[in-house]
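The values are calculated or read from the model by the stated rules, or taken from the named source; none is laboratory data. Because the structure is predicted, anything quoted here is derived from the model rather than measured. A quick note on method: Cβ atoms are made from the backbone with ideal geometry, for glycine too, and the neighbour counts reach across all protein chains shown.
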Amino acid sequence: MANNKDIKLVDNIEKIRSIIYPEIKIKNKLEELDLSDKENRNKKLDLPIYQSLNYDAIQITLKYIYEEILTGIFVKIEDNKIKEYIEIYNFDIGNKWSDRVKLPIEYKNWFEYALAKSKIIKKKLVLIDDKKKKWIANNCLIRNEKQYGEINKDYYVGLYNMLFTLCEKKKIGDCIFFLNKKDFAVLKKNYTHPNNQIYDSNDSPLDAKFKDRSFIPILSQSTLDDFADIPIPTTDDWMHITNLEENNPYAEKKINIKWEDKIPTAFFRGKGTGCGITLETNPRLKITKLSEEWENDDNYNKNNKIDGIPYLDGGIISYVFRDKKLINNPYLTYVNPNKLNLKLKERVPITQQNKYKYLINIEGNSAAYRLGYMLGLESVILHVETKFKLWFEDLLIPYVNFIPIKNDLSDLAEIIKWCKSNDDKCKEISQNAKKLYDKIMNEDYILEYLKNLINNISFKYVLQAGGNIFEQYKKYKEERKKIEKREINIEDISNNTSNKIAIIVPYRNNKFQSRDKQLAMFIEYYNSYLENLDIYIIEQSDDNKKFNRGALLNIGFKIASKKSYDMYIFHDVDLVSPTEIKKIYSHKTEIPIHIASLWKEKYSFSDFMGGIISFDEKSYKKVNGYPNKFYGWGGEDDAIYNRMVVNNIPILKIIGNIEIKEMNHQNTSEIEELTNKNKKFNILNDIKNWKNDGINTIKYKILDEMELIYKNVKKYTIEIIL
């Protein structure tokens with residue numbers, strides 16, 4: 001049975017290191033890991049920031065948690081048990097942003113500020129620690145009380161219980177990760193500070209020591225699109241399906257009410273949480289005001305012409321007076337009830353809110369954790385737009401299992417009116433939400449989700465533990481199956497200019513190799529004798545990331561395939577083919593052609609597919625294209641080779657006395673800034689994940705599109721979205 005006595009509290013980084021580092025063993029074998037993640041719902045684990053799970057990644061993540069976030073939970077699973085569960089606190093070093101938060105100019109000191117605040121909010125005086133270094137931030141929220149430091153060990157016991165039960169009931173691989181203790185996510189994908197309210201920016205860079213380093217996974221109860229935090233089931237989710245916690249708001253028995261007996265009113269109750277302190281910036285405060293105003297408006301109250309039943313019963317049950325530091329405002333502030341003059345509502349337990357047909361879900365300090373429970377209340381969820389994401393948010397479908405509402409609530413009246421006028425449709429949406437609830441809000445589904453996530457983390461450790469990646473890669477090279485190679489003599493290929501061919505060229509200029517000059521030569525040269533072919537130049541934007549050839553080729557295919565070509569030629573910009581090869585470029589087959597096999601210096605005896613390769617559409621889709629996660633030179637050609645082996649696709653080699661040449665430039669493998677340091681791991685990882693990483697998952701944004709001199713040559717500047 002789980003016991004919070006197993007939870008260690010440590011506030012000194014050297015003590016933490018002494019516990020963590022003496023022995024880190026990952027004993028599992030690849031074939032022993034249960035990786036039955038059919039839904040592939042842990043895509044953040046494939047982010048570049050999590051590519052190398054090793055000692056260095058553990059060290060840098062611990063340093064980040066301790067120095068930047070100040071608190072977190074270190075978890076080590078070994079032999080299917082929780083080996084370590086360490087709550088980390090930094091009370092000594094303190095935060096790095098204290099100079100960004102200032103005392104409002106009307107006060108002489110923090111005592112005077114706290115005294116004035118206590119009178120305004122009519123609460124007991126809470127002294128503020130005048131040592132700002134000791135303050136802790138949760139995005140806009142500031143924990144600055146002098147009493148802070150008394151740690152509530154029981155608060156996160158729900159997370160511990162969830163992991164304890166997981167290890168009891170599922171087969172879990174050895175691994176290490178961190179749990180985020182805060183409501184707000186803590187690790188951004190682009191290595192910038194997570195607390196944008198504190199730093200007055202979404203792009204304030206972290207210390208240089210963290211830049212481009214690999215971290216070990218951080219699991220959070222909510223996340224955002226630009227964060228690397230991986231979402232897990234919340235303590236609320238676990239509480240209401242297990243009843244393990246005392247003071248459980250979900251413990252009261254829910255009374256089942258038929259749809260026809262529910263009240264057609266939109267309902268909301270909650271505390272006044274959230275960063276905003278005005279009606280315009282906080283939808284929880286605004287809905288309270290709207291509810292008051294609509295009581296006196298015959299368009300929305302009991303006198304409305306649709307059904308004579310009020311549109312809205314919504315409001316906060318109490319204010320939350322935590323101090324806040326808001327973006328572009330250095331002065332500490334808080335919600336002032338005298339300025340808002342709102343009427344607080346009476347509390348209605350979540351278990352009794354299902355008597356209303358329409359339930360409004362509004363974010364607080366982060367995502368509203370009650371959402372999972374609300375899915376099962378058989379009412380329509382009016383989900384107010386939010387940037388925060390829960391672990392099941394990707395399963396929510398607008399107008400299928402919920403109805404979206406704008407964050408400023410400007411469409412709330414219109415949506416409620418639609419609901420009142422479309423009762424059958426709303427009933428269907430509520431039933432779909434209940435089906436989703438029945439699917440995901442149970443112990444087995446939650447444990448399966450966690451099992452798949454943690455075992456995929458373990459998979460990465462297995463590949464890299466103790467330098468084992470090199471042994472694994474060596475074994476892979478020795479045992480790798482060979483592609484069936486068929487040959488055709490260039491003399492036997494007819495010149496068929498009627499075939500529709502697209503050439504796709506991945507491109508980005510760099511300071512080492514004059515790629516811009518190569519591109520100009522490429523276009524001029526090939527357009528002179530391949531005028532009937534369309535050329536797509538796919539340029540990676542200046543995104544501060546290494547070149548991603550595989551992703552660019554997939555994007556090029558996505559763009560070009562809208563015109564349905566017979567063959568797609570994936571072509572490096574630095575290779576030059578003689579004019580005699582023209583008929584090969586126009587050749588149509590049902591299997592890929594490795595045109596660069598004529599580059600005898602490099603590819604004549606090669607077992608991977610680089611340089612120039614021609615694919616028919618069916619074969620390219622079958623292998624799911626190239627991987628999207630290979631940043632830096634090297635590895636994607638090995639990966640597509642492996643994908644062809646798995647799918648039993650042969651390769652056609654060209655035999656002839658002509659030869660492809662390479663333009664002069666410095667060898668990419670010699671330039672550290674351009675190389676893929678995770679090449680071996682990426683290749684091995686792709687063997688498992690190829691179905692979930694390719695043309696079926698590529699996301700991108702076209703930043704610019706232009707014709708380059710010739711009508712058949714187009715250049716697209718692309719932002720790769722991961």
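Computed values, structure above
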item	result
Some residue of the range 46-60 being β-branched (Val, Ile, Thr), modelled with pLDDT of 80 or more and assigned to a strand (DSSP E or B)	no
Every pair of residues 6+ apart whose Cβ atoms lie under 6 Å, when the first sits in the range 586-599 and is in the same structural domain as Ile504 (by TED's automatic domain parsing) and modelled with pLDDT of 85 or more while the second is buried (at least 22 other Cβ atoms within 10 Å of the Cβ) and in a loop (DSSP other than H, G, I, E, B)	His594/Met609
Tally, over the range 614-631, of residues that are hydroxyl-bearing (Ser, Thr, Tyr) and in a loop (DSSP other than H, G, I, E, B)	2
The range 208-219 - residue that is in contact (Cβ under 8 Å) with a residue 60 or more places away in the chain and more than 17 Å from the chain's Cα centre (by Cα) and, of those, surrounded by the fewest Cβ atoms within 10 Å (Cβ to Cβ)	Lys209
Pick from the range 277-313, criterion of a type in the set (Lys, Arg) and assigned to a loop (DSSP other than H, G, I, E, B), ranking: nearest to Lys262 (Cα to Cα)	Lys302
Residue list for the range 528-566, filter: assigned to a helix (DSSP H, G or I) and under 20 Å from Arg508 (Cα atoms)	Arg549, Gly550, Ala551, Leu552, Leu553, Asn554, Ile555, Gly556, Phe557, Lys558, Ile559, Ala560
Filter result (polar (S, T, N, Q), surrounded by 17 or more Cβ atoms within 10 Å (Cβ to Cβ) and more than 16 Å from Leu141 (Cα to Cα)) within the range 70-113	Asn90
Among the candidates Ile316, Ile287, residue that is in contact with a Phe, Trp or Tyr (Cβ under 8 Å, 6 or more places away or on another chain), of a type in the set (A, V, I, L, M) and farther than 25 Å from Glu112 by Cα	Ile287
Residues of the range 523-553 satisfying the condition of being of a type in the set (S, T, N, Q) and touching a helix residue (DSSP H, G or I) at 6+ places or on another chain (Cβ under 9 Å)	Ser528, Gln540, Asn548
Selection status of Phe570, assigned to a loop (DSSP other than H, G, I, E, B), under 32 Å from the mean Cα position of the chain (by Cα), at pLDDT 85 or above and assigned by TED's automatic domain parsing to the domain that holds Asn495	no
Given (1) modelled with pLDDT of 95 or more; (2) under 24 Å from Ser430 (Cβ atoms); (3) in a loop (DSSP other than H, G, I, E, B), number of the condition Tyr250 does not satisfy	(1)
Checklist (1) loosely packed, with under 13 Cβ neighbours inside 10 Å; (2) assigned by TED's automatic domain parsing to the domain that holds Asp225 applied to Val186, failing item	(1)
The one condition in (1) within 15 Å of Leu219 (Cα to Cα); (2) part of a helix (DSSP H, G or I); (3) modelled with pLDDT under 90 that Arg41 fails to fulfil	(2)
In the range 615-655, residue nearest to Lys562 (Cα to Cα) [restricted to those that are touching a Leu at 6+ places or on another chain (Cβ under 6 Å) and buried (at least 20 other Cβ atoms within 10 Å of the Cβ)]	Tyr626
Entirely in the range 391-464, the helices (runs of 4 or more DSSP H) that have 2 or more residues that are over 26 Å from Ile287 (Cα atoms) and outside the structural domain of Pro48 (by TED's automatic domain parsing)	423-440, 443-464
In the range 338-379, the residues that are surrounded by 21 or more Cβ atoms within 10 Å (Cβ to Cβ) and of a type in the set (Phe, Trp, Tyr)	Tyr356, Tyr358, Tyr373
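Condition check ((1) in contact (Cβ under 8 Å) with a residue 24 or more places away in the chain; (2) surrounded by 23 or more Cβ atoms within 10 Å (Cβ to Cβ); (3) farther than 14 Å from Leu340 by Cβ) across all residues:
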| residue | (1), (2), (3) |
| --- | --- |
| Arg284 | yes, yes, no |
| Thr288 | yes, yes, no |
| Glu292 | yes, no, no |
| Asp298 | no, no, yes |
| Ile309 | yes, no, yes |
| Tyr319 | yes, no, no |
| Arg322 | yes, no, yes |
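Rundown of residues vs (1) among the charged types (D, E, K, R); (2) within 31 Å of the chain's Cα centre (by Cα); (3) modelled with pLDDT of 95 or more; (4) within 30 Å of Ile142 (Cβ to Cβ), yes/no style:
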| residue | (1), (2), (3), (4) |
| --- | --- |
| Ile241 | no, yes, no, no |
| Thr265 | no, no, yes, no |
| Leu279 | no, yes, yes, yes |
| Asn282 | no, yes, yes, yes |
| Lys289 | yes, no, yes, yes |
| Glu295 | yes, no, yes, no |
| Lys305 | yes, no, no, no |
| Asp323 | yes, yes, yes, yes |
